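Shown next, in structure tokens, is the structure this report addresses.
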Amino acid sequence: MENKIALKIISDAEEKARAIKAEAEEKAKVILGKADSEIAAMEKAFGDEKARMLSEARRSAKVQAELELKKSKLSAEKSVIDMIFDNAGKRIAALPKKEYLELIADMMTAAENGDEVKIAEKDKSVITEAFVKKCADKLKIKLKLSKKHEDISGGVILAGAVADKNLSLEADFKELRESLESDIARILFGEEK
């Protein structure tokens, strides 16, 4: 009888152990199922985040490349325009004396009575007292050629009692460039500056 009781206890214990094991396995399946779902959701979220980050990185790199391209293009266009104006300055500096004096005489039409005409050191043999007097007589005003030379590449500076007029080649080219640069860019590169 003791064996029957012991066997019954053992049998009940084994049954109970199987039930506990089955319940534990069921709970483990539920927990593992939840974990798998959470992992899948996390992988999807991380995958979506990774894809978003990669897309953002690609977009950022593209924008940066486009900006660099525009900077390079603008720099090249500026160099071309600089070259155009440099060459124009060299051509004016290389004008024959007669044509250069015609240009200076045209600048002198802006002179007012009593102005002092200031010139570049290199022009002292070209723009003489006689030339200044001739321009003054034509304008029916008095002008005086300055003994001091200006640090300009050519043209004149008219020093007046009230204000000076900078008609140097540098000032004229700066003004000319400001007024024509967008037209030049449009003609050369097909765009507005």
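Just so you know, all these numbers are worked out from the coordinates, no wet-lab data involved. Being a predicted model, the structure only gives us computed values, none of them experimental. Virtual Cβ from ideal backbone geometry, glycine too; neighbours counted across all protein chains shown.
Adding -39500 (n - 2.57) for every DSSP H run of four residues or longer, then dividing by how many residues the chain holds, sets the calculated 222 nm ellipticity at -25500 deg cm²/dmol. Taking the chain as a Gaussian network of alpha-carbon nodes connected by springs under 10 Å, the highest mean-square fluctuation of the residues Glu68, Glu14, Glu49 belongs to Glu14. Give the shape of the range 1-94 as rounded, prolate or oblate, defined through the alpha-carbon gyration tensor: a ≥ b ≥ c are the square roots of its eigenvalues, a/c under 1.5 means rounded, and otherwise the shape is prolate if a/b is larger than b/c and oblate if not. In terms of gyration-tensor shape, prolate.
Normalised by the number of residues in the range 12-158, the average gap of Cα pairs under 8 Å and 6 or more apart makes the relative contact order 20 percent.
Placing +1 on each Lys and Arg Cβ and -1 on each Asp and Glu Cβ, with no other charges, gives the chain a dipole about its Cα centre of roughly 460 debye. Counting beta carbons within 10 Å around each of Lys73, Lys134, Lys98 and listing the fewest first gives the order Lys98, Lys73, Lys134.
Take every Cα pair under 8 Å whose residues are at least 6 apart in sequence, average their separation, divide by the length of the range 82-164, and the relative contact order is 37 percent.
The string of couplings for the range 65-77 from the Karplus curve (6.51, -1.76, 1.60, θ = phi - 60°) is 5, 5, 5, 4, 4, 4, 4, 5, 5, 4, 5, 5, 5 Hz, one whole number per residue in order, with x for Gly and Pro.
If both residues of a DSSP beta bridge must be in the chain, then about 70% of such bridges are antiparallel.
Between Lys165 and Leu69, the C-beta separation translates, for a Förster distance of 35 Å, into a calculated FRET efficiency of about 0.25.
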